[in-house]
């Protein structure tokens, strides 16, 4: 088993039959959901559930600003894949995740990319600074270049 070459986290996520297209491979648009499933599971385990009233973090409203992906090897079955993600950049109001969708044994890279998201103030829908509590929680995901 290959260990990650970056810091970050590897989360196992399911591939459902509904994720497959007519050719029997995961539809390109479903890779967004694979990353979302991995990030949601990671943050829920750390006190950021879907219910804002139970969140340990005040910073709960984020909007995805950019999503880029390069596909390498199709996923052609249901079951589980692994999503390896890390934080490439943490700005005043934004966070940029790098990610790879890999096989469960970590030997095949199916796709890789980046996702940028911005913290939004829900009262005016404008970017707002990310608080120290969330910054501290993000620290284990950051690359050493930061």
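The values are calculated or read from the model by the stated rules, or taken from the named source; none is laboratory data. These figures come from a predicted structure and were not determined experimentally. Every residue, glycine among them, receives a Cβ derived from its backbone with ideal geometry; neighbour counts consider all protein chains shown.
Some notes on this structure:
- Condition check for residue 88: in contact with a strand residue (DSSP E or B) (Cβ under 8 Å, 6 or more places away or on another chain), surrounded by 13 or more Cβ atoms within 10 Å (Cβ to Cβ) and under 26 Å from residue 132 (Cα atoms): yes
- Taking every residue in segment 3-16 that is in a loop (DSSP other than H, G, I, E, B) and pairing it with any residue that is at pLDDT below 95 and buried (at least 17 other Cβ atoms within 10 Å of the Cβ), at least 6 positions away or on another chain, the pairs with Cβ-Cβ distances below 9 Å are 7/142; 8/142.
- Summed over segment 56-73, the residues that are in contact with a helix residue (DSSP H, G or I) (Cβ under 9 Å, 6 or more places away or on another chain) and either modelled with pLDDT under 95 or more than 20 Å from residue 135 (Cα to Cα) (or both) give a count of 9.
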